[in-house]
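Novice: Please read through the structure below; I'll follow up with questions.
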Amino acid sequence: MNGILVVIAIFILDLILGDPEVIPHPVRLMGRVIEEAEGLLRSKFPKTEDGAFKAGLVLAIALPLVTFAATGLVILITYSIWKPLGIAIQIFWGWQAIAMRDMLKESDSVHEKVTEGDLSGARAAVGRIVGRDTQKLGMDGVIRATVETVAESFSDGFFAPLFYFAIGGAPLALANKAINTMDSMIGYKNEEYMYFGRAAAKLDDVANFIPARISAFLMMAAAGLCGFDEKAAYRIWKRDRKLSTSPNSGQTESAMAGALHVRLLGPTWYFGQLSDKPWIGDDIRPVEAYDIKRANKIFVISGIIGVAVACIIVIIL
């Protein structure tokens, strides 16, 4: 029962408070560690493709292990001193591991700029949540990028850490967060990170393989509950989930595209280079500003179902 209450507590805390900037966040610490470690490790290995890969491999292995060990030790010590303190720290770190409210806040900011017709402001707003170049995006591109990010972030930013929290508590959830943070910072297929970031990107693919697929089905269920097309969500997922270059992001993106009857992905600019990505979904209608709100609604309902799934995992384990 305690485990179920803890899962519900971290969800409610995130939904109400999000990520207050005044509170130190482990992801920001991870980001600084990755930046410092990158320079150090690159200097210790040969300036070759193999050397870059080995340097990145060390980081990919060390950061999640150190995160898990350090947070696990704190949990063990606090539980041994006073169990309620240990539970409180579990809740605190679990709350910091998931990110629903902030995603909704950022996507709502994009929606506001789009509805105002402020293309420059919309590009700036979506630039806060995507890794692609935004300078070339039109309004349709901004909307599409936001919907894609909401879909992908449901798995990466919410359900995956919740899934791992249900299995192994805050230490495992934060270890997963470390893997995802590395992938978002160095997991690019460009000249700078093609080899250094390869291990981090592959590790993220493995770590999020199961959560991403569960997330897709949660979205299908949520689509039906929200009055959207859950049958199309399943059909497009079945047909298009493997079209994305990522084995995981295509899972939720295809389900979202089907539910909303729109096309996502397509040709995208990264670091000044055009990536000729295939389209996901059917071109039944053009995207519109309110699709961001529709995607957010599916995100929230999927999250509620995801919390129920996490509680079931806690009961089973």
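Novice: Against the conditions (1) modelled with pLDDT of 95 or more; (2) under 16 Å from the mean Cα position of the chain (by Cα); (3) surrounded by fewer than 24 Cβ atoms within 10 Å (Cβ to Cβ); (4) of a type in the set (Ser, Thr, Tyr), where does residue 234 fall short? Just the number, please.
Specialist: (2)
Novice: Please specify each residue of the stretch 164-217 satisfying the condition of being among the hydroxyl-bearing types (Ser, Thr, Tyr), buried (at least 21 other Cβ atoms within 10 Å of the Cβ) and under 12 Å from the mean Cα position of the chain (by Cα).
Specialist: Once the filter is applied, which keeps residues that are among the hydroxyl-bearing types (Ser, Thr, Tyr), buried (at least 21 other Cβ atoms within 10 Å of the Cβ) and under 12 Å from the mean Cα position of the chain (by Cα), the stretch 164-217 yields 181, 215.
Novice: Can you confirm whether residue 257 is closer than 27 Å to residue 98 by Cα, among the aliphatic types (A, V, I, L, M) and modelled with pLDDT of 95 or more?
Specialist: Yes, satisfied.
Novice: Spot the failing condition for residue 278; the list is (1) modelled with pLDDT under 95; (2) closer than 23 Å to residue 230 by Cβ; (3) of a type outside the set (Lys, Arg), and only one is missed.
Specialist: Here residue 278 meets the rest and fails (2).
Novice: Considering only the stretch 175-282, give the helices (runs of 4 or more DSSP H) lying wholly within it that have at least 2 residues that are among the charged types (D, E, K, R) and under 25 Å from residue 50 (Cβ atoms).
Specialist: Working: elements: 198-207, 209-225, 230-240, 249-260.
Filter on the stretch 175-282 gives 198-207.
Novice: Taking the condition touching a strand residue (DSSP E or B) at 6+ places or on another chain (Cβ under 8 Å), part of a helix (DSSP H, G or I) and among the basic types (Lys, Arg), does residue 132 pass?
Specialist: no
The values are calculated or read from the model by the stated rules, or taken from the named source; none is laboratory data. The shown structure was predicted, so the numbers you read here are calculated from the model rather than taken from an experiment. Neighbour counts are summed over all protein chains in view; Cβ atoms, including those assigned to glycine, are modelled from backbone coordinates with ideal geometry.
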